[in-house]
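The values are calculated or read from the model by the stated rules, or taken from the named source; none is laboratory data. Nothing here was measured: the structure is a model prediction, and the numbers come from that model. Backbone-built Cβ (ideal geometry, glycine too); neighbour counts: all protein chains shown. In case anyone asks, the SASA skips ligands and DNA or RNA and just uses the protein heavy atoms, side chains included. Shrake-Rupley method; radii C 1.70, N 1.55, O 1.52, S 1.80 Å.
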Amino acid sequence: GLELSHCVGTNSLGPAGPWRSGGPCKMKRVRTVFKPEQLERLEQEFLKQQYMVGTERVDLAATLHLTETQVKVWFQNRRIKWRKQSMEQKAAKLSQFGVIQPASTDSTDSKDHEEDTVDVEL
């Protein structure tokens, strides 16, 4: 589940939520820090396939001593990084040839991004 750090504030404003306790202080989720060996294996798997689902994800999570959610979110974030790098490379190639790229992204790209915009663990 969620790992929460100790109090980061002295008063609680608003209702309790996943990042807050019902008590007098606000709680903050601790960011997952992956070990180099875990990152290396995750990157290897990403090179093979950009989508990890079902039993493959469960098995990989168990092998790396991570939760299935951590693996799922890592893949979501890695796909976003991969798309951003692809767009930057494309823009660099176009600018090399003096072609100006339009400021807005293609509408089909934004549809592809919808499922991968999650950036935090649930």
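Which number in (1) open to solvent by 60 Å² or more (accessible area, probe 1.4 Å); (2) among the charged types (D, E, K, R); (3) at pLDDT below 60; (4) in a helix (DSSP H, G or I) marks the one condition that ASP109 misses?
(1)
Answer with yes or no whether VAL71 is open to solvent by 60 Å² or more (accessible area, probe 1.4 Å) and either modelled with pLDDT under 95 or under 19 Å from the mean Cα position of the chain (by Cα) (or both).
no
What's the total number of residues in segment 35-67 that are buried (at least 17 other Cβ atoms within 10 Å of the Cβ), in a helix (DSSP H, G or I) and at pLDDT below 95? Write out each step before concluding.
Here is the first cut: in segment 35-67, the residues buried (at least 17 other Cβ atoms within 10 Å of the Cβ) are 38, 42, 45-46, 52, 57, 60-61, 64, 66.
Next cut, in a helix (DSSP H, G or I) only: 38, 42, 45-46, 57, 60-61, 64.
Among the residues that remain, those that are also at pLDDT below 95 are: none.
Result for segment 35-67: 0.
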